[in-house]
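For reference, the structure is listed below as structure tokens.
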Amino acid sequence: MISHNIDSLKSANGWTFLTNHTHVLVCLLRNPETRLRDVAIQVGITERAVQRIVAELEQAEVITREKDGRRNRYTINTQTPLRHPLEQGVTLEELLSKIL
């Protein structure tokens, strides 16, 4: 896996191939107990934007949140089909297996 500084890639090109929603999912899959503040830093967006994305993903039943003391634990429904017609028949598991 090739590792790059996210900030340098964004500033050099101005865009990435995956959406912020996907970036948030990757962070939550790698560390289901991570704080949303830390996700925001990793993705390079505001904490408020991460909160909005998590709320949208919860509403769509892509993720579930469980309280674990003062922390949250996130579970990803990897069998969720991707939403765009070009990705018909592909699940999150198939997409994210290439990333993780």
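Throughout, read-outs are computed from the coordinates displayed, never taken from laboratory work. Fair warning: this is a prediction, and the values are worked out from it, not measured in the lab. When we count neighbours, we look across all protein chains shown, and the Cβ atoms used for this are built from the backbone with ideal geometry, even at glycine.
Applying 1/(1 + (r/R0)^6) with R0 = 22 Å to the Cβ-Cβ distance of ASN20 and ILE41, what FRET efficiency is obtained, to the nearest 0.05?
On the way: r = 13 Å, r/R0 = 0.60.
Step by step, r from the Cβ atoms, then E = 0.95.
If you plug each phi of the stretch 83-100 into the Karplus form 6.51 cos²θ - 1.76 cosθ + 1.60 with θ = phi - 60°, what whole-Hz ³J(HN,Hα) values come out, in order, with x for Gly and Pro?
My calculation for the stretch 83-100 gives 8, 7, x, 5, 9, 4, x, 9, 9, 4, 4, 5, 5, 6, 4, 6, 8, 8 Hz in order.
Starting from the amide H of ILE63, placed 1.01 Å from N in the peptide plane, find each other amide H under 5 Å away whose residue is 5 or more places distant or on another chain.
GLU58, ASN77
Residue by residue, what Karplus-based ³J(HN,Hα) values in Hz, rounded to whole numbers, does the stretch 60-75 have, using 6.51, -1.76 and 1.60 with θ = phi - 60° and x for Gly and Pro?
Rounded to whole hertz, the list is 7, 6, 7, 10, 10, 10, 10, 6, 9, x, 8, 9, 10, 10, 10, 10.
Take the chain, connect every pair of alpha-carbon atoms lying under 10 Å apart with a spring to form a Gaussian network, then pick out the residue of GLU61, GLU47, GLU87 with the largest mean-square fluctuation.
It is GLU87.
Taking the mean number of other Cβ atoms within 10 Å as a proxy for protection, how do you rank 37-46, 66-75 from highest to lowest? Show your work: numbers first, answer last.
Working: 37-46: 16.1, 66-75: 11.6.
Ranking the peptides 37-46, 66-75 by packing returns 37-46, 66-75.
Provide, in order from the shortest bin, the percent of all Cα-Cα pairs of the chain in each 10 Å bin, continuing until the bin that contains the maximum pair distance.
Histogram of Cα-Cα distances, whole percents per bin: 14, 47, 33, 6, 0.
Which far-off residues, 5 or more places away or on another chain, put their amide H under 5 Å from the one on THR91, with H placed in the peptide plane?
Those lying under 5 Å, H to H, from THR91 are LEU82.
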